[in-house]
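Here the structure comes first, spelled out in structure tokens, and everything after it is commentary.
Where a number appears in this text, it was derived from the coordinates with a stated rule and is not lab data. As the structure is a prediction and not an experimental result, all values here were calculated from the model. We place every Cβ from the backbone using ideal geometry, glycine too, and count neighbours over all the protein chains shown.
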């Protein structure tokens, strides 16, 4: 067994599971902000119920986002101690900012938002949700800054065999950053919007109660998803130029890549400096999914006079489309991350120098353990999400007025625990 | 500036252990055969603080990575099994506390409660063993990396892990005694007192085990935080001389006449010995 391969598999597993949940978090919180703002401005109880129902799903989804995020964060030290040793001074800065200035606040605000229901004034409660949303975006921004530095190391200088940060603004003007950030954020919005549309479609197709409520969230979800798929496509294709420029080996052989490989062979010794073909196959599939989801625009005119609900089959189309953004998210990350193989930091630190010197058996145990744990939790979480979604908006636990006792227990039921 | 980063690291780690400590303590206490409504009341007492407590760990790891990348790599990879166990525990508690009532049937809740107990135990044990690894020092390979992970499997590490478990349980009981409604809280008060005594005994036992066990040569370049721990906590408990002079154990040691005072760790050592931390810093006391 090979420690390096096991460590890479573990990273791929954790990052994928993490991303499936954080994308939904980022997408849903944006829509929640809109719903709660409308509720506070209009005072219409329908918007309160929408906020509670979707907020409940958001909170359940958030649990796994944190759990996998903690593993992600510790994994850098556990499995990739060479990475933290060699480039930690540069790469660690945006990550530290992310955890302290963004995630720390995001989670604290979220706890206060959940438990502040009926305890805080409406304005303060809404401000907390704005805090959650803003810090979520700030978080995404700094993570992308860190990731872009690995894609295209800038603003550093190697002193005493360790990379030192010399030019902080260069991290923020990294050509690998902005288009990718737009791509990822709009993909998250697409996922959140499509999730909202698909769950609403299920309720409308099954003709459960709350027709008016799910009609509203179907419209919100579908329009969000349609707008963001266009953004996803735009930012996606806009990336080909800069990425091809800074990573000539990413999309296969070309004269520039050959020159670069000759240079690396001279500096790092002979080796296979081309990424595996698999990453580009995934990229092709992702683009296909992107085009397929572009057809969401065909459903938008059906919102007129509720034809989308009356015809019923568009509702089923929406439900069938739900897995697509998730698959595309994973394929996109594989293209971005595996596409720079064999480098952790492109052209600077090869993967075999970055992996921790731990025994393969330990790494294998950790891989199997974390895969089973996170896999089980992810499936459990999705089952719970599906159950809560199917239960409808009759009485979500989130934001339940304190005076109203639940049926089976005389104690007041808080949102969790 | 350097000092500020050390202070931040200490603040966030201490904050995590203090705040999430009672989460895990409460998590362990629900194993004690309480009925469903008591378990629920106990976890409800933690509920509003749970998310806010846990993020301190994430922030601490962020500081560790941002400001101490070298330490992070060696510390985490060098205590791999302990850190991994602690992480598994943290994840289990996170998932258990937040998901146990979603849609809550009795059976599902009981199952989640077991997950919370196991998770709390793993988290407390794991961080305890990491602390023990820091206290006893880590063996280094010639190239300067921490050698293997077997140094974590010592009686001292086990004793420290158990001591941390005892501490978090006592912490959790104290928290519940303060936080629960008066009737419930008063019921817990004697239990909290007993647990506090147990915790003190456990910490003492760990210190004694540590005093009588071998320790690894303190590393020069990596965990300075280990030095701090050593100074504040470990050294006062372990003033036993080494067998370096060949005359058998120096415990109980006679009071030395002349002492060397170390500027680095503020510890006095018997004359003729070098301070463990940095021989160049010795100065006559």
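Which three lengths, in whole Å and largest first, does region A:272-329 cover when its Cα atoms are put on their principal axes?
59, 16, 12
Calculate the length of the line joining the C-alpha centroid of region B:1-79 to that of region A:38-93, in whole Å.
One Cα centre to the other: 17 Å.
Taking the Cα atoms only, what angle lies between the long axis of helix A:81-97 and the longest principal axis of chain A, rounded to 10 degrees?
Long axis of A:81-97 versus the principal axis of chain A: about 40 degrees.
What average count of beta carbons from other chains do you get within 10 Å of the Cβ of residues in A:377-390?
Per-residue shielding by partner chains comes out at 2.
What number results when the radius of gyration of the protein assembly as shown, computed over Cα atoms, is divided by 2.2 N^0.38 Å?
That works out to 1.03 for the protein assembly as shown.
Place the peptides A:137-146, A:285-294, A:93-102 in order of packing, highest mean first, counting for every residue the other Cβ atoms within 10 Å and averaging per peptide.
Packing order, densest peptide first, comes out as A:93-102, A:137-146, A:285-294.
Remind me, relative contact order of region B:2-229 in percent, using alpha carbon pairs under 8 angstrom and six or more residues apart?
Over region B:2-229, the number comes to 25 percent.
Mind checking the mean number of beta-carbon atoms from other chains within 10 Å of the Cβ atoms in A:97-109?
5
Please work out the Cα center distance from region A:252-282 to region B:143-194, rounded to the nearest Å.
Rounded to whole Å, the Cα centres lie 52 Å apart.
Other chains near B:88-96: what is the mean number of their Cβ atoms within 10 Å of each residue's Cβ?
5
Quick one: Cα centre-to-centre distance for region A:313-335 and region A:169-238, in angstrom?
Cα centroid to Cα centroid, the span is 11 Å.
Please express the Cα-Cα pair-distance distribution P(r) of chain A as a list of whole percents, one per 20 Å bin, running from 0 to the bin with the greatest distance.
25, 54, 20, 1
Under the definition of Cα pairs under 8 Å and six or more residues apart, what whole-number percent is the relative contact order of region A:3-391?
Worked out over region A:3-391, it gives 24 percent.
Return one number: the angle in degrees, 0 to 90 and rounded to the nearest 10, between the long axis of the Cα atoms of helix A:323-338 and the longest principal axis of the Cα atoms of chain A.
Once rounded, one gets 20 degrees.
Using the alpha-carbon atoms, what tilt in degrees (0 to 90, nearest 10) does helix A:122-151 show relative to the longest principal axis of chain A?
20 degrees
In whole percent, what relative contact order does region A:84-142 give with Cα contacts below 8 Å and a gap of six or more residues?
Worked out over region A:84-142, it gives 46 percent.
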